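The values are calculated or read from the model by the stated rules, or taken from the named source; none is laboratory data. Because the structure is a prediction, the values reported are computed rather than measured. All Cβ positions, even for glycine, are placed from backbone atoms using ideal geometry, and neighbour counts span all protein chains on display. Protein only, heavy atoms only, side chains kept; ligands, DNA and RNA dropped before computing areas. Shrake-Rupley method; radii C 1.70, N 1.55, O 1.52, S 1.80 Å.
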Amino acid sequence: MTTQNNTTIRMSAVNKWFGKMHVLRDIDLTVNKGEHLVLCGPSGSGKSTLIRCINALEEIQGGTIEVNGNQLGKKGANADHIRRDVGMVFQQFNLFPHLTVLQNCMLAPRRIHRISEAEARDKAMHFLEQVHIAEHGHKYPAQLSGGQQQRVAIARALCMGPQVMLFDEPTSALDPEMVKEVLDTMIGLADQGITMICVTHEMGFARAVAHRVIFMDRGEIIETAPPTEFFGTPRHDRTRAFLSQILNH
Amino acid sequence: MYDFDFAPVFQAWRLLAAGAWATVYISAISMALGLVFGIVLTAMRMAPVAALRSIAIGYIELIRNTPFLVQVFFIYFGMPELGLRLNAMEAAILTMTLNCSAYIAEIVRSGVESIRKGQIEAGRALGMSTPDVYRFIVFRPAIRAVYPSLCSQFILMMLNTSLVASISAQELTYAAQMIDNQTFRSFEVYFVLGAIYLILSQLFSLGLGLIGRTYFSYPTK
Amino acid sequence: MIRTFGFPEILFVLEGAKWTILMSLAAFVVGGLLGLLVALARTSGIRPLRIFAAGYIQIFQGTPLLIQLFLVYFGLPLLGVKVELWLAVIAGLSLHASGFLGEIWRGSIQAVPDGQSEAGRALGLGYASRMRDIVLPQAFRISLPATVGFMVNLTKGTALAALLGLTELTRSGQLMSNITFEPLKVYATVGLVYFAICLPLTLCSAQLERRLNAQG
Ligand SMILES: Nc1ncnc2c1ncn2[C@@H]1O[C@H](COP(=O)(O)OP(=O)(O)O)[C@@H](O)[C@H]1O
Ligand SMILES: [Mg+2]
């Protein structure tokens, strides 16, 4: 159905161990350009590991991962190349504390794309405006709220012009009143058509933007379905058990 | 009762001033070189190659578990046997540099280890190379975390320069010994000398604090 | 006649090491007792005592050990005290140790949560008992890694006695170097003897530190 050049990420038979622990089991996953995936599952099921494998923050022991047609080599060969096409947003924001918001956004483009300071600044301002935080450009991360920091982290990733954005529970470390501003930012991104994979338990977000919801348990993909099906008529027992747990929460 | 007489000591103030300048000079050069070499050692100490790690650990522990004075003698008197003939000043600076790099390496390593893994991963995820990640992301917060220990170490090193007088390197203590030989006012000479070192260490402390506030300060929670 | 650096010469160097160890131990014991007083003064409720102790620590941490030794060596006779060189050196090293140990132990005493001392006060315990039974035992545990680490510094510091003419390990080396003309071998040997004395202490300090961190 999908043509080769419409595929952004292709994972085939990916296996990953931490020592003796088998954390990812035969993961097959194809993500098309412009597609929005939501990944959910119990804690420890391997969601973070899966998306961290996509930009080679974790090494895999079996299978292949391809991003934009570039295959990730063994031992992370080609990793820097692939990472430039993949933006990542972490649960803990991971902004650089010694750099201002603007500098956080300018560092990687300047070092990697070797663009001028002025160009990097323009680009940073553009994306900071997009996440509605440009007026805080001169501040340091510690001077911002969690929600603001996470929006800066999103802008920082966007400055590299990624083909795909990965989000690992971007709202889990936030105070409840800040969740919405970050989710709204992500919905805005989705509306622009960027490809994204998001680990989250925010089911409202999943309903609003996901093309497919993927449920993982114990290192396996158990079920994949569009949100209406996924929430309405889940096929698998484990999915139902999981859903009843988080929805009654 | 002993008659204190500080006049002959103060009359020789030119010698003391020149000596103090030499002490500052030796210290500053050795600190700068020691910092660079210490960072190289830290990189070796944390390298993925086991051989590099072993070399770095061996070097660091050898230096930290032997007296500076013996290191000075080893370099100044011993190295000519291996064909490396240095004058007193060169030997002093070389030994100081070798010595302080080992201490600095240990301090910097604990600074690097205090940086959260997420910081490094965020740099990686942006596609930055490992050297760039350490240079632009890890370095400043790591040094900031250990800056007070680094400053104490620098001051200890400055005080350590007093030992290179033993190979006739012409710094502050050497100047004092010359005055002592001329005046026989030992206690007065060393009393004034101690006061000068005390002032120098305060000045170093102030200067290093200023550098710290300029380069290593940013708001934290 | 030029001698080579052989077995008798090595024995001579080891003979010097005896002095190094004795001086280190003596200075640690005497300096430790004084240092405890300094630490207590530095953390006491009496302001003049605190200021005095702060100045005392500042002086020993802000001047070179060599100058401290010189001042004691030349100063004691001025006070009318005539002592042998080795006693003067031990006195100097002890004062030096008291300044550094005082500062290390001040930090440890202050690291014990205030609530501990307050709980003792609530039980009606006096200062001596609060310190002896509650604060100091906890501070002792916290201070162990740094204290053992300082023993290494003190041991290395005894080398400076050589510059006053006391024949400990380093000066034994100087003497042997002068008669054998083999400074490389001699100072390498001297260095290794120090290494053999200091490394166990360093490892012990690192081990204590790990244990302390593990306990949290
Ligand atoms: N660096 C690591 N070393 C060892 N085990 C790990 C590591 N990271 C994750 N794990 C283990 O791998 C499993 C999957 O973890 P993770 O991908 O973080 O799960 P999730 O994000 O779904 O909560 C868990 O059992 C976790 O304990
Ligand atoms: Mg996770």
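Across chain A, Cα pairs under 8 Å and at least six residues apart give a relative contact order of 25 percent.
Could you sort C:3, C:106, B:213, C:211 by their accessible area in this structure, using a 1.4 Å probe and putting the largest first?
B:213, C:211, C:3, C:106
Taking the empirical scaling 2.2 N^0.38 Å for compact globular proteins as reference, region C:18-166 has a Cα radius of gyration ratio of 1.15. Averaged over the residues of peptide B:182-191, the number of Cβ atoms from other protein chains lying within 10 Å of each residue's Cβ is 4.
Divided by 2.2 N^0.38 Å, where N counts the residues, the Cα radius of gyration of chain A comes to 1.00. Restricting attention to the protein assembly as shown, close to 55% of DSSP beta bridges with both partner residues there are antiparallel.
Mean separation of Cα pairs under 8 Å and 6+ residues apart, divided by the residue count of region B:34-169: what relative contact order is that in percent?
Reported relative contact order: 32 percent.
Cβ under 10 Å from residue B:130's Cβ, residue B:130 left aside: what net charge do those residues give with Lys, Arg +1 and Asp, Glu -1? It works out to a net charge of 0. Based on the Cβ-Cβ distance from residue A:132 to residue B:221, what FRET efficiency comes out when R0 is 22 Å, to the nearest 0.05? With R0 = 22 Å, the Cβ-Cβ based efficiency is 0.45. Counting heavy atoms of the protein chains alone, residue A:140 has an accessible area of about 60 Å² for a 1.4 Å probe. The GNM of chain C, with springs linking C-alpha atoms under 10 angstrom apart, assigns the highest mean-square fluctuation among C:159, C:206, C:53 to C:206.
The H on the amide N of residue A:222, modeled in the peptide plane, is under 5 Å from the matching H of A:215, A:216, A:217, each at least 5 residues off or on a different chain. Under 15 Å of direct C-alpha separation, and excluding same-chain neighbours fewer than eight residues apart, residue A:33 reaches these aspartates and glutamates: A:66, A:85, A:191.
Below 15 angstrom from the Cβ of residue A:237, what's the summed charge of the other residues (Lys, Arg +1; Asp, Glu -1)?
Neighbour charge sum, excluding residue A:237 itself: +1.
Where the only charges are on Cβ atoms (+1 Lys, Arg; -1 Asp, Glu), what is the dipole of chain A about its Cα centre, to the nearest 20 debye?
620 debye
Counting only alpha carbon atoms, the long axis of helix B:88-113 and the longest principal axis of chain B meet at about 40°.
Helix B:13-45 and the longest principal axis of the Cα set of chain B meet at an angle near 20°. Each residue of region A:179-187 was assigned a 3J(HN,Hα) from its phi angle through the Karplus curve 6.51 cos²θ - 1.76 cosθ + 1.60 (θ = phi - 60°); the sequence is 4, 4, 4, 6, 4, 4, 4, 5, 5 Hz, with glycine and proline shown as x. Residues whose amide H comes within less than 5 Å of that of residue A:92, counting only those at least five positions distant or on another chain, are absent (H built at 1.01 Å from N in the peptide plane). Across region A:6-17, rounded Karplus estimates of 3J(HN,Hα) from the backbone phi angles (6.51 cos²θ - 1.76 cosθ + 1.60, θ = phi - 60°) give 9, 8, 9, 10, 9, 10, 10, 6, 6, 10, 9, 10 Hz, Gly and Pro being marked x. Rolled with a 1.4 Å probe across the full set of protein chains, the surface gives residue A:138 an accessible area near 130 Å². Put B:13, A:17 in order of accessible area, highest first, and with a 1.4 Å probe you get B:13, A:17.
Could you list, in their original order, any pairs among A:74/A:139; A:74/A:180; A:47/A:139; A:123/B:117; C:82/C:185; A:139/B:117 whose Cα atoms are separated by more than 31 Å? Cα-Cα > 31 Å for A:74/A:139; A:74/A:180; A:47/A:139; C:82/C:185; rest within. Label separation (residue A:172 vs residue C:125): 4.4 nm, computed from points 7 Å beyond Cα along the C-beta direction. Would the protein assembly as shown count as rounded, prolate or oblate if I go by the C-alpha gyration tensor, calling it rounded below 1.5 in a/c and otherwise prolate when a/b exceeds b/c, oblate otherwise? Prolate, because a/c is 1.5 or more and a/b exceeds b/c.
About the centre of its Cα atoms, region C:41-195 shows a dipole size close to 300 debye [charges on the beta carbon of Lys, Arg (+1) and Asp, Glu (-1) only; nearest 20 debye].
Oblate is the label for region A:85-172, because the ratio a/c of its alpha-carbon gyration tensor axes (a ≥ b ≥ c) is 1.5 or higher and a/b is not greater than b/c.
In chain A, once you exclude exposed trypsin sites (Lys or Arg not before Pro) (DSSP loop, at most 15 other Cβ within 10 angstrom), what's the longest stretch remaining?
Working: sites that count: A:20, A:114, A:218, A:235.
Of all site-free stretches, the longest is A:115-217.
Count Lys and Arg as plus one, Asp and Glu as minus one, and take only other residues whose Cβ is under 14 Å from that of residue B:216; the net charge is then +3. When the surface is traced with a 1.4 Å probe over the full set of protein chains, residue A:222 keeps roughly 40 Å² accessible.
Computed from the Cβ-Cβ distance with R0 of 41 Å, the FRET efficiency linking residue B:114 to residue A:61 stands at 0.85. Please work out the FRET efficiency for the pair residue C:204 and residue B:195, using the Cβ-Cβ distance as r and a Förster radius of 41 Å; give the result to the nearest 0.05. With R0 = 41 Å, the Cβ-Cβ based efficiency is 0.65. A simple spin-label model places pseudo-atoms 7 Å from Cα toward Cβ; at residue C:22 and residue B:129 they are separated by 6.0 nm. Using θ = phi - 60° in the Karplus curve 6.51 cos²θ - 1.76 cosθ + 1.60, the 3J(HN,Hα) couplings for region A:235-246 round to 7, 9, 4, 5, 5, 4, 4, 5, 4, 5, 5, 7 Hz; x is entered for Gly and Pro.
For region C:127-216, a/c is not less than 1.5, where a ≥ b ≥ c are the root eigenvalues of the C-alpha gyration tensor, and a/b does not top b/c. That puts it in the oblate class. Here the spin labels are modelled as points 7 Å beyond Cα on the Cα-Cβ line, and at residue A:22 and residue B:32 they lie 6.0 nm apart. Summed over both chains, the contact between B and A buries some 2100 Å² of accessible surface at a probe radius of 1.4 Å.
Shielding value for A:201-213 is 0, the average number of Cβ atoms from other chains within 10 Å of each residue's Cβ. In terms of accessible area, using a 1.4 Å probe and ignoring ligands and nucleic acids, B:144, C:141 rank largest first as C:141, B:144.
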